[in-house]
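Accompanying notes for the structure given below.
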Number of protein chains: 2
Amino acid sequence: MTRDPLPSLTALRAFEATARLGSASAAADSLHLTHGAISRQIKALESELGTPLFTRHGRRLVLSAEGQAFADRCTQAFDIISAARRTLERTREGAPLVLTCTGSLLARWLIPRLPRLNSELPELRLHWVSDERESAAAEQDIDAHLVFTEPNPANTHQRILATERIGPVIAPQLAAQLGLAAGSASHSVLNQPLLHTLSRPQAWPQWARLYGIDEKELQLGQGFEHLYYLLEAAEAGLGIAIAPQLLVEDAIESGRLIAPWGFAATDARLTLISREDLGATAQRQLNELGNWLEAMLALPLPSRR
Amino acid sequence: MTRDPLPSLTALRAFEATARLGSASAAADSLHLTHGAISRQIKALESELGTPLFTRHGRRLVLSAEGQAFADRCTQAFDIISAARRTLERTREGAPLVLTCTGSLLARWLIPRLPRLNSELPELRLHWVSDERESAAAEQDIDAHLVFTEPNPANTHQRILATERIGPVIAPQLAAQLGLAAGSASHSVLNQPLLHTLSRPQAWPQWARLYGIDEKELQLGQGFEHLYYLLEAAEAGLGIAIAPQLLVEDAIESGRLIAPWGFAATDARLTLISREDLGATAQRQLNELGNWLEAMLALPLPSRR
DNA sequence: AGCCATATGTGAGAAAAACTCACATACAGA
DNA sequence: TCTGTATGTGAGTTTTTCTCACATATGGCT
């Protein structure tokens, strides 16, 4: 039940940092100490353990074989402590749920609805972080990831919220200028330069297939890094963009964009993917958020805001 | 490459001991501190981590769920450090090779030969510990175990040194009294009370089988806990004992015992079983010892001493 | 209910540990 | 040989940790 007395843990920390970083000076910087402090701690540790851990070659500290093995174990132990601390901070009472999604989803759909979310679920403490990657759920410190993706049936830590629907959008001024009437089903889109994103080059071809249009006839125009810029460009009248309905519904509602050809469902789903080791509190919060999002997405369009 | 700053490790040690032992007072005893010191450290840690780890129920400290998870990780980390320290102490330069064998083997064969061993291999630092169990090789802090056992072909960390040979031995005075001539092959052993050990009850039946004697005819007399006492009893003339040749060769040489019926090989071998994670130095030392033992055991009997 | 044994919390000051500074030492490479 | 970089150390300071003594809380026992 009882354990052998541990060596001085302060000394151990200095030793481990030195071993890991390869020099006492680097360890001193890393621990915000002077090299003298490190040097003393290492000496003290060697004396306490009764064996040298480094061999001194002039101004160079080289780990002995046993010292290396010992240092590796210490690193392992400290990594465990460090990870435990992070977990504790993530799971502690009152800690916010940390969520990621792409900047465009955050800016164009979530942020406009946060006031309503806050008023309907005032207890829910959330922290949104934008992350353009498709899979950031397992990331350090991220509790869950909201993303359009094709669901993985094997993943039990995901919640499917809505079907992705994509469609071309255009500023009304540009539509008028081009002679496109809202609601027109014409294929005139083919004659226009199509704005697109570099992060999702398959969007236009995908849409074309859904509408039975030969994708080779598409004339791709300017590309943008992210959907967010693409939609700004569309609103500014730079051309025809393609986007998930969710991200343009506000713009359409307010008349900044129109979607003359409507939207078509894709195989992707708006999915909430959570890490597997969520604490009980976080899991509860996440469920509440999922419920709210699901309810919100089920509302008829005009009242979604 | 760099790591998050660790929490105060002194505080962590106090917390972990408290969590593990279930009380601050117990932790204080365990760490040779006062309960006040523990109490302060825990408070400091909770303040540093920004979350309570215990819920206070009057005079009782109860871990919160997150605190429990955190404590478990800390215990794991400290266990690693503790184990690493033990390993370091075992493998450090100049550390003796720690060996075990039974008390009888140690007293009746090894100790009489240690002077010769020390003079022939003066560099070899050994520490012999008696242990009556058959398998002590994986034991904490034990490098190797010297034992009569039936070898396990799958074990690569064993070295077979000699075949076990067992036979009945008797004090010459008693032999004379009973009318037994040395070298006699008679079955008169059957009429005598046979001294035996409780730790190895199969020795006499085994021998009887080797000589084609019906083991039911054996009349077991007084039993002793260990071979060591058995042999003392035999030398004192209490009856006929059975023992490995190795353990009585000195006594036979000096005339304290005789072996009228000789010795017969069994399936057991004198085997040096080592732990699997020996350091390079220890492995080298063990090889030297094994070589020496093997050479010694290969010598003709009179010069083995 | 009252009391006692047990366990934790805390203020003040003592003790110990850890740290810094400044200088010393040691080497590698220009 | 000189210079830049890295570790070692004596002396003194700062910070942390600990103890003591007392306070507080409570669970079980009579």
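The values are calculated or read from the model by the stated rules, or taken from the named source; none is laboratory data. None of these values were measured; they are calculated from a predicted model. Neighbour counts are summed over all protein chains in view; Cβ atoms, including those assigned to glycine, are modelled from backbone coordinates with ideal geometry. SASA here: full protein model, heavy atoms, side chains in, ligands and nucleic acids out. Shrake-Rupley method; radii C 1.70, N 1.55, O 1.52, S 1.80 Å.
Points worth noting:
- Among B:Glu66, B:Glu132, B:Glu123, the largest mean-square fluctuation in a Gaussian network model of chain B (Cα springs under 10 Å) belongs to B:Glu66.
- As a fraction of the 1.4 Å probe accessible area of the protein assembly as shown, surface on carbon and sulfur atoms comes out at 52 percent.
- Placing +1 on the Cβ of every Lys and Arg and -1 on the Cβ of every Asp and Glu, with nothing else charged, gives chain A a dipole about its Cα centre of roughly 680 debye.
- Sequence-distant residues sharing a close amide H with A:Thr163 (under 5 Å, placed H): A:Leu270
- Shown here is the pair-distance distribution of chain A: with all Cα-Cα distances grouped in 10 Å bins from zero up to the longest one, the shares run 5, 21, 21, 15, 13, 12, 8, 3, 0 percent.
- Buried on complex formation within the stretch A:85-118 (loss of at least 10 square angstrom of accessible surface versus the isolated chain, 1.4 Å probe, ligands and nucleic acids ignored): A:Arg85, A:Arg86, A:Leu88, A:Glu89, A:Thr91, A:Arg92, A:Glu93.
- Note on chain B: GNM, Cα springs under 10 Å; of B:Leu63, B:Leu114, B:Leu230, the largest mean-square fluctuation is that of B:Leu63.
- Taking every alpha-carbon pair under 8 Å whose residues sit at least 6 apart, the stretch B:32-138 reaches a relative contact order of 20 percent.
- Descending Cα extents along the principal axes, the protein assembly as shown, whole Å: 131, 57, 57
- For the stretch B:1-126, the dipole from Cβ point charges (+1 on Lys and Arg, -1 on Asp and Glu) about the Cα centre works out to 380 debye, to the nearest 20.
- Once the 1.4 Å probe is applied to the protein heavy atoms, the protein assembly as shown comes out at 48 Å² accessible per residue.
- Sorted shortest first, the distances from the A:Asn191 label point to those of the same residue in the other copies are 13.0 nm; each point sits 7 Å from Cα along Cα-to-Cβ.
- Largest accessible area first, the listed residues A:Glu93, A:Glu164, B:Glu215 line up as A:Glu93, B:Glu215, A:Glu164 when surface is computed with a 1.4 Å probe on the assembled protein chains.
- Residue among A:Ala28, A:Ala265, A:Ala282 with the largest mean-square fluctuation in a Gaussian network model of chain A, springs linking Cα atoms under 10 Å: A:Ala28
- Per residue convex hull volume, Cα atoms of the stretch A:1-142, in Å³: 182 Å³
- Cα-based Rg / Dmax (Å) for the stretch B:9-91: 13.2, 48
- The chymotrypsin sites (Phe, Trp or Tyr not before Pro) of the stretch B:194-280 that meet both conditions, a loop assignment by DSSP and at most 16 other Cβ atoms within 10 Å of the site Cβ, are B:Tyr211.
- Accessible area buried between chains A and B, both sides summed, probe 1.4 Å, in Å² to nearest 100: 3800 Å²
- The mean sequence distance of close C-alpha pairs (under 8 Å, at least 6 residues apart), as a share of the length of chain B, puts its relative contact order at 21 percent.
- Loop-located trypsin sites (Lys or Arg not before Pro) across the stretch A:49-113 with a Cβ neighbour count of 16 or fewer within 10 Å are A:Arg59, with loop assigned by DSSP.
- Dipole of chain B, positive direction: furthest Cα of B:Pro7, B:Val129, B:His196, with charges on the beta-carbon: B:Pro7
- Backbone phi angles across the stretch B:12-25, fed through the Karplus curve with coefficients 6.51, -1.76 and 1.60 (θ = phi - 60°), yield HN-Hα couplings of 5, 5, 5, 4, 4, 5, 5, 5, 5, 8, x, 7, 5, 5 Hz in residue order; Gly and Pro are listed as x.
- Taken residue by residue and averaged, Cβ atoms of other chains lying within 10 Å of the Cβ of A:56-67 number 2.
- Taking amide H atoms as placed 1.01 Å from N in the peptide plane, the amide H of A:Ala243 lies under 5 Å from those of A:Gly167, A:Val169, each 5 or more residues away in sequence or on another chain.
- Compactness index (Cα Rg / 2.2 N^0.38 Å), the stretch B:164-266: 0.94
- Pairwise Cα distances in the stretch A:70-177 exceed 19 Å in 63 percent of cases.
- Around the amide H of B:Phe148, modelled in the peptide plane, lie the amide H atoms of B:Thr271, all under 5 Å away and 5 or more residues distant in sequence or on another chain.
- Relative contact order (%) - the stretch B:164-266, alpha-carbon pairs under 8 angstrom, separation at least six: 51 percent
- Counting only Cβ charges, +1 for Lys and Arg and -1 for Asp and Glu, the dipole size of the protein assembly as shown around its Cα centre is about 1100 debye.
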